[in-house]
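Q: Questions regarding the structure given below will be posed in turn.
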Amino acid sequence: MRDILNYSLKGHNTFGIDAQCRRYVELETAAEAASFLCHFAPGDEPLLLIGGGSNLLLTSDFPGTVLRSGIKGLHAVDDGDGVLLRCGSGEVWDDVVAYCVEHGWHGAENLSLIPGDVGASAVQNIGAYGAEVKDLIVYVEAIEIGTGRCVKWYNADCEYAYRDSRFKHDWHNRYFITAVTYRLEKAFTPRLDYGNIRQKLSEMGIVHPTASQLRQAIIDIRNEKLPDVKVEGNAGSFFVNPVVGRAKYLELCDLYPGMPHYAVDADHEKIPAGWLIEQCGWKGKTLGRAGVHDRQALVLVNKGGASGQDILRLCQAVKEDVWRRFGVEIHTEVNII
């Protein structure tokens, strides 16, 4: 266990914001987590649970305790047509995807290169290119904060929705995730119809991709669209794609016939937030030391020396412009502290 006072979180957020916390605790086993968390008291609050910091914007120093999982380990059990893979919550998500592809376990390929840890995948219901991790999760193991009680939540218990779960609502700061078990398939059924996956495969000269080739295509697409956090600090997609009702969708279609959209159900359509932001002229623009990425308007970047408040001001300006032009409210995917 690491237990450090007055600790800099600069290395724990991909925006590269140099904010401090009063206390930083990293727990390396479930038993250690249970022992520590049963004694967690009001004096240790406020509490912030973090993973790899790829979905985090720190706007000031944090006056309480930051908890992070360092729990590692992968354990697979054959499940007939598939495999149950139990992963420590501190494992890097993309390392897990690579491990699955290497072993011929399928279903996570479209989620390649999404930053962050395993524990965060279960909180956020990460998704990309037509796939969501909720479709892989079997159950989540956690420790109740304040009692040290071990719990297991099955997929249905977590009430997963688009980039959402109970861990972001009534379970917020109540549970420390220690492991997530996913079910992968032995048979490979590629999902190629979202975004420009087929186009990228065509550029690679591939018609019928293997799982490894599909993973590489996804990685190439993401690298072409998203900035390197070592060059420009960012948290990937800063905003969630808004879902609008049928009437609003038809209204916008009349005004913008070429507007991209994806059907959610008979009554709702999803509109890319990046497209809305780009139409407002923000793509590639800056506001002080913060900016909108020049290749993907969904991404806000630290142009060098930006504070969390600088990024937040840009976020608010972008949201206001989108609302003013389209009458659509866009929400942040990033956790703003």
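The values are calculated or read from the model by the stated rules, or taken from the named source; none is laboratory data. Values in this document were obtained by computation on a predicted structure and should not be read as measured data. Heads up: the accessible areas ignore ligands, DNA and RNA and are worked out on the full protein's heavy atoms, side chains in. Shrake-Rupley method; radii C 1.70, N 1.55, O 1.52, S 1.80 Å.
Q: Excluding same-chain residues fewer than 8 positions from residue 134, which lysines have a Cα within less than 17 Å of its Cα?
A: Once the sequence-local lysines are set aside, what remains near residue 134 is 152, 168.
Q: HN-Hα J couplings of the stretch 185-199 from phi, Karplus 6.51/-1.76/1.60, θ = phi - 60°, integer Hz, Gly and Pro as x?
A: My calculation for the stretch 185-199 gives 9, 7, 7, 9, 10, x, 10, 10, 9, 9, x, 10, 5, 4, 4 Hz in order.
Q: How many percent of all Cα-Cα pairs in the stretch 224-337 sit more than 18 Å apart?
A: On the way: 3117 of 6441 pairs.
It works out to 48 percent of all Cα pairs.
Q: Report, in whole Å, the centroid distance computed from the Cα atoms of the stretch 58-82 and the stretch 171-227.
A: Taking the Cα centre of the stretch 171-227 as reference, the centre of the stretch 58-82 is 20 Å away.
Q: Write down the Å³ per residue value for the convex hull defined by the alpha carbon atoms of the stretch 170-261.
A: In the stretch 170-261, the Cα hull volume divided by residue count equals 233 Å³.
Q: Under 17 Å between alpha carbons, and skipping anything fewer than 8 positions from residue 270 in its own chain: which aspartates and glutamates qualify?
A: Filter leaves 132, 164, 193, 251, 254, 278, 329, 333.
Q: Shifting gears a bit: Across the stretch 222-238, in residue order, what do the Karplus-derived ³J(HN,Hα) couplings come to in whole Hz, using 6.51 cos²θ - 1.76 cosθ + 1.60 with θ = phi - 60° and x for Gly and Pro?
A: Here the 3J(HN,Hα) series is 5, 5, 6, 9, 10, x, 6, 5, 6, 9, 10, x, 7, 10, x, 5, 7 Hz.
Q: In percent, how large is the relative contact order of the chain, given Cα pairs closer than 8 Å and 6 or more residues apart?
A: Here the relative contact order equals 17 percent.
Q: Here is a follow-up. Search the structure for amide H atoms under 5 Å from the amide H of residue 82, placed 1.01 Å from N in the peptide plane, and list their residues when 5 or more places away or on another chain.
A: Distant-sequence amide H within range of residue 82: 186.
Q: Now for a separate question. In Å², what does the accessible area per residue of the chain work out to with a 1.4 Å probe?
A: 45
Q: Next up: Within the chain, what whole-number % of the accessible surface is contributed by carbon and sulfur, with the 1.4 Å probe and all protein chains included in the calculation? Can you show the working numbers first?
A: Values: 7490 of 15170 Å².
Its accessible area is 49 percent carbon and sulfur atoms.
Q: Something else now. Greater than 20 Å separation of Cα atoms is the criterion. Which listed pairs, 200/319; 72/186; 10/303, meet it? Before the final figure, lay out the partial values.
A: Numbers: 200/319 31 Å; 72/186 24 Å; 10/303 15 Å.
From the list (200/319; 72/186; 10/303), the Cα-Cα distance tops 20 Å for 200/319; 72/186.
Q: A further question on this structure: Take every Cα pair under 8 Å in the stretch 242-305 that's 6+ residues apart, average their separations, divide by the length, and report that relative contact order as a whole percent. If you can, show how the numbers build up before the last one.
A: Working: 86 pairs, mean separation 14.7, N = 64.
Computed value for the stretch 242-305: 23 percent relative contact order.
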